[in-house]
Every structure is written in structure tokens, then in C-alpha cells.
1. Hey, among Lys85, Lys78, which residue is outside any helix (DSSP H, G or I) and at pLDDT below 65?
2. Could you please let me know if Ala21 is at pLDDT 90 or above, surrounded by 10 or more Cβ atoms within 10 Å (Cβ to Cβ) and either of a type in the set (Gly, Ala, Ser) or not in a helix (DSSP H, G or I) (or both)?
Amino acid sequence: MARNVRKTLWISSASGLLAMAVGLSGCSMFAPADVPVDCDVVKTQVAAGQTDTQIAANLNSTVDKVAACHGPEAGGNKNTLIPEKGY
């Protein structure tokens with residue numbers, strides 16, 4: 001009986017350590033320099049009157065990445081077909 005308890009505890013401990021190691025390695029993969037800037041947040045903060053430098057400091061990013069959000073919008077649903085009435 002004690003042998004089964006030890007085996008179960010060992011498996012539980014090993015699984016917990018593995019889960020923690022995977023979680024920590026996943027977090028370290030994303031360095032703050034590699035995180036993209038959310039342009040919706042930038043637009044909201046620009047509308048509130050903040051400068052690019054202030055926004056970059058708020059988002060822990062660079063001014064260049066914040067300034068890139070001021071260009072023309074890319075993406076979106078430009079190619080989406082809108083159905084006629086009756087659909």
C-alpha cells in the first residue's frame with residue numbers, strides 16, 4: 001500500500017514539475033521586444049491626447065512600433081462579400 005502511495009506521489013510530482021517547466025519556457029519565449037503593439041489601444045490613447053513617447057512608455061514598447069500604427073490600415077475585411085437583401 002505504501003509503495004502505491006509513493007509511486008502516485010512521484011508521478012504527481014513529476015507531472016507538476018513538467019507542467020511548471022513547460023509554462024515557464026512558454027513565458028520566456030515572448031520577450032517584451034517581440035510583442036506587437038495593439039494599434040486599437042494606440043488609437044484610443046492618441047484620441048485621449050497622448051504623444052507617441054507616452055504611449056510607448058505605457059505599453060512598454062518603442063516609439064517606432066507605436067508610430068507604425070499611424071499609417072494606413074492594413075488588413076480588415078475589404079474582400080468580404082456583403083450579401084444582398086433577403087439573405
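The values are calculated or read from the model by the stated rules, or taken from the named source; none is laboratory data. Not measured: the values here are computed from a predicted model. Note that each Cβ is placed from the backbone with ideal geometry, even for glycine, and that neighbours are counted across all protein chains shown.
1. Of the residues listed, the single one that is outside any helix (DSSP H, G or I) and at pLDDT below 65 is Lys78.
2. On the way: at pLDDT 90 or above: no; surrounded by 10 or more Cβ atoms within 10 Å (Cβ to Cβ): yes; either of a type in the set (Gly, Ala, Ser) or not in a helix (DSSP H, G or I) (or both): yes.
Spelling it out, it is not the case that Ala21 is at pLDDT 90 or above, surrounded by 10 or more Cβ atoms within 10 Å (Cβ to Cβ) and either of a type in the set (Gly, Ala, Ser) or not in a helix (DSSP H, G or I) (or both).
Table: residues versus (1) modelled with pLDDT of 80 or more; (2) in contact with a strand residue (DSSP E or B) (Cβ under 6 Å, 6 or more places away or on another chain); (3) part of a helix (DSSP H, G or I).
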site: Val5; (1), (2), (3): no, no, yes
site: Ser25; (1), (2), (3): no, no, yes
site: Phe30; (1), (2), (3): no, no, no
site: Lys43; (1), (2), (3): yes, no, yes
site: Ala57; (1), (2), (3): yes, no, yes
